[in-house]
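The values are calculated or read from the model by the stated rules, or taken from the named source; none is laboratory data. Computed from a predicted structure; not experimentally measured. Cβ coordinates were reconstructed from backbone atoms using ideal geometry, including for glycine residues, and neighbour counts include every protein chain displayed.
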Amino acid sequence: MSKHSYAEALARLQEIQSQLESGEKGVDELSKLVKEASSLVKECRKKLKSTEEEIQKAFEED
């Protein structure tokens, strides 16, 4: 089950991007942020694919 809505995940990815670009995080924190970002990207892709399938199915039913 998803932890975030698509909008929440996208907003968190933008926060992470800003933190990574700032260069102020240590190596351990960078690793943690990259892992979180990877998980969020996978979650967003899954949501987009699911939505695409639902839309395609809706058009096929007409």
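A few remarks follow.
- Exactly one residue out of Ser22, Ser38, Ser2 is modelled with pLDDT under 95, among the hydroxyl-bearing types (Ser, Thr, Tyr), surrounded by 10 or more Cβ atoms within 10 Å (Cβ to Cβ) and at negative phi: that is Ser2.
- Residues (part of a helix (DSSP H, G or I) and acidic (Asp, Glu)) located in the stretch 18-35: Glu21, Asp28, Glu29
- Scanning the stretch 41-53 for residues that are touching a helix residue (DSSP H, G or I) at 6+ places or on another chain (Cβ under 9 Å) and loosely packed, with under 15 Cβ neighbours inside 10 Å gives Val41, Leu48, Thr51.
- Yes/no for Gln14 being closer than 22 Å to Lys3 by Cα, polar (S, T, N, Q) and touching a residue at least 12 places away in the same chain (Cβ under 8 Å): no
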